[in-house]
Amino acid sequence: MSGVNITSVLQETRKFPPAKEFSATAHVKSEAEYDELWWKAKDDPTGFWGSMSQNLDWFEPFDTVLEGEMPNTKWFVGGRLNASYNCVDRHLKTWRKNKAAIIWEGEPGDTRVLTYQDLHRETCKFANVLKSLGVQSGDRVTIYMPLVPEIIVAMLACARIGAVHSIIFGGFSADAVAERNNDAQAKVVITADGGWRRGKEVELKHAVDESLEKSHTVQQVVVLRRTGTPITMVPGRDHWWHDLMAEASPECEPASLDSEHPLFILYTSGSTGKPKGVLHTTAGYTLGTMMTSKWVFDLNDTDTYWCTADVGWITGHSYVCYGPLANGATVMMYEGAPNWPHDGRFWEIIEKYKVTIFYTAPTAIRSFIRWGDEWPNKHDLTSLRLLGSVGEPINPEAWMWYHKVIGGERCPIVDTWWQTETGSIMISPLPGATTTKPGSCTRPLPGVVPDIVTKEGESLPDNAGGLLVMRQPWPSMLRTLYNDHERFLKTYFSEIPGCYFAGDGARRDEDGCYWVMGRVDDVLNVSGHRLSTMEVESALVSHPLVAEAAVVGFPHEIKGEGICCFVSLTTGEGDDALKQQLKDHVRKQIGALASPDMIRFSNALPKTRSGKIMRRLLRDIAAGRERVQDTTTLEDYGVLAKLRASEE
Ligand code: PRX
């Protein structure tokens with residue numbers, strides 16, 4: 001966390017109070033109602049969460065709402081429940097039994113609808129499949145699948161028997177899968193032959209085969225047939241999903257699990273070393289995602305709710321699967337790319353299914369803007385009543401475009417700030433209560449107590465930029481990093497004593513609204529996904545011609561941040577062919593999402609006398625800034641000129 005020096009330059013004064021018609025029917029109807037909830041939760045967190053917990057179905061009641069202090073907290077101690085029961089079974093006792101749980105469209109245009117009853121049957125069957133493969137409570141199961149309904153079935157089936165799912169986004173490479181399998185010591189991998197993305201096949205099973213050469217804990221692989229592409233099935237290890245399901249019983253009692261039973265691990269990038277296995281547990285996470293889905297998206301039974309995130313990211317875990325399903329909502333899922341076969345695919349889907357709530361990322365919004373208003377204008381988007389944004393700060397101009405062109409100046413926008421680690425949304429408008437401001441995620445949700453502090457942990461006054469921290473624990477917070485509790489303590493709780501440190505810089509304005517400015521550590525936010533500069537650097541130096549590499553982000557029109565790599569070679573001068581080779585190399589090691597945007601060769605990198613690479617100088621150079629920051633500690637001034645000359 002070197003060089004924290006946060007100056008907020010954004011001067012945004014536009015305000016959008018909630019429309020009366022929206023507030024009238026919203027779950028939280030006014031600023032006063034929100035204030036009351038927030039203060040109740042702040043003054044009496046255990047009373048508040050104790051009463052909220054009644055929104056879950058429990059097999060056994062808990063004795064204590066909260067035990068311990070941050071960082072080592074336990075919620076709803078002694079209680080027993082099951083997340084899949086809360087997402088599915090309990091709706092079967094109501095009229096929702098035959099309500100659509102999932103409405104799905106594949107990229108080629110194939111469609112499927114699963115009612116809650118269908119989802120229950122498939123989940124029970126697959127839970128029995130997992131049992132038949134020897135999966136027991138607590139075992140780790142890797143899921144590496146396209147965005148098809150079966151990914152939800154696989155997750156809920158794990159949850160049903162107490163197995164811990166570890167989903168790896170389908171865009172990650174075989175090496176990344178191997179690394180995560182090894183860290184989690186996964187017993188089973190669930191995958192598909194492939195999935196569709198922008199008209200091309202993503203060959204998932206091939207990647208799994210390659211990954212299993214390097215990860216030896218995996219004993220069984222289940223393969224869903226999605227694309228029909230020829231693949232190799234290894235006898236005794238690989239099984240077709242449909243073969244196993246044909247034999248499976250549709251009855252499977254949900255396991256009665258302790259509140260703190262691990263629900264899943266999700267790997268995310270940190271500023272150093274290997275990816276971090278963020279671990280979430282059953283009761284707190286399910287409650288957090290359920291309540292925030294209701295408050296923030298104002299979910300009603302008549303809604304058709306679409307979160308465009310892949311289930312492989314936390315947004316998909318919390319707001320495609322657990323949160324909306326716990327509320328008995330109808331969830332729209334679309335497998336493919338927003339610009340296939342044309343740039344208006346999303347708007348076509350909204351019109352076709354009469355989507356009412358649409359939740360996407362600023363990087364996508366910036367692409368839509370670039371593709372042109374004619375695409376959304378071709379479609380009737382009047383079914384929409386609420387829009388959401390997540391993953392990175394949304395620039396006010398993108399916010400205004402979203403508001404006008406997609407929302408018809410009618411739909412509130414919820415800009416939701418949260419993280420893989422927080423499990424559920426932390427700071428966001430409540431659409432019927434909060435006055436929104438373009439670029440601000442506004443106010444903390446009930447039960448969330450943020451602050452803006454100095455490096456020493458002192459609270460800062462309004463409008464001063466500083467570090468964003470949480471002063472009170474909340475139910476859906478991560479409990480540990482899998483197999484590395486030390487790293488958990490160090491990463492989140494050692495920088496600012498007594499607080500959870502999120503790694504973001506932010507300010508709070510005079511209305512109590514938060515403006516998040518981005519990461520203060522060496523973590524990039526590329527298209528709303530976190531990537532560690534360190535991981536890209538290690539991928540680069542694993543190439544035989546690379547002696548040293550330093551990776552920094554630079555402002556990128558669509559992705560938010562682009563990846564710029566400064567590389568010094570062991571021998572010779574770099575050329576375009578080598579640039580391409582290095583880009584491919586990183587892609588192979590981590591995945592397409594980490595593919596560098598810029599490679600710049602230089603025979604030296606700017607270093608301090610003690611040998612530390614001065615990244616802030618590199619950031620200035622990558623961004624094309626002429627004047628760089630303080631260079632007094634730089635060892636060799638000549639390096640700067642050479643680096644500037646190393647243009648892409
Ligand atoms: O920097 C913040 C940014 O994304 C980070 C969390 O990334 P990840 O764990 O991958 O989760 C993304 C989806 C929840 C945060 O530390 N971020 C996320 N949402 C926002 C945001 N920055 C500003 N505004 C947001 N709404």
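The values are calculated or read from the model by the stated rules, or taken from the named source; none is laboratory data. Computed from a predicted structure; not experimentally measured. Ideal geometry is used to build each Cβ from the backbone, glycine not excepted, and the neighbour counts take in all protein chains shown. Surface accessibility is based on the protein's heavy atoms, side chains included, excluding ligands, DNA and RNA. Shrake-Rupley method; radii C 1.70, N 1.55, O 1.52, S 1.80 Å.
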For Glu392, indicate whether it is out of contact with any Leu (no Cβ under 9 Å at 6 or more places or on another chain), assigned to a helix (DSSP H, G or I) and within 16 Å of the ligand (Cβ to nearest atom).
-> no
Return yes or no: is Ser269 away from the ligand (no atom under 16 Å from the Cβ), open to solvent by less than 30 Å² (accessible area, probe 1.4 Å) and in contact with a strand residue (DSSP E or B) (Cβ under 9 Å, 6 or more places away or on another chain)?
-> no
Mind checking whether some residue in segment 373-385 is buried (at least 23 other Cβ atoms within 10 Å of the Cβ), of a type in the set (Phe, Trp, Tyr) and modelled with pLDDT of 95 or more?
-> no
Select from segment 305-356 the residues that are over 18 Å from Tyr402 (Cβ atoms) and β-branched (Val, Ile, Thr) and list them in ascending order.
-> Val311, Ile314, Val320, Thr330, Val331
(1) touching a Pro at 6+ places or on another chain (Cβ under 9 Å); (2) surrounded by fewer than 19 Cβ atoms within 10 Å (Cβ to Cβ): which one isn't true of Asp110, the others all being true?
-> (1)
Would you check if there is a residue in segment 322-340 being without any contact (Cβ under 8 Å) to a residue 12 or more places away in the chain and farther than 30 Å from Ala159 by Cα?
-> no
In segment 71-95, what residues are in a helix (DSSP H, G or I) and open to solvent by 50 Å² or more (accessible area, probe 1.4 Å)?
-> Trp95
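Table: residues versus (1) outside the structural domain of Lys29 (by TED's automatic domain parsing); (2) farther than 26 Å from Ser476 by Cα; (3) away from the ligand (no atom under 16 Å from the Cβ).
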site	(1), (2), (3)
Glu351	no, yes, yes
Thr360	no, no, no
Trp371	no, yes, yes
Glu397	no, yes, no
Arg410	no, yes, yes
Thr416	no, no, no
Any residue in segment 406-424 that's open to solvent by 10 Å² or more (accessible area, probe 1.4 Å): show its pairings with residues that are more than 16 Å from the ligand (Cβ to nearest atom) at Cβ separation under 7 Å, as long as the two are six or more apart or on different chains.
-> Gly408/Leu381; Gly408/Thr382; Pro412/Pro18; Pro412/Phe22
Out of all the residues in segment 513-535, is one or more more than 16 Å from the ligand (Cβ to nearest atom), modelled with pLDDT of 95 or more and part of a loop (DSSP other than H, G, I, E, B)?
-> no
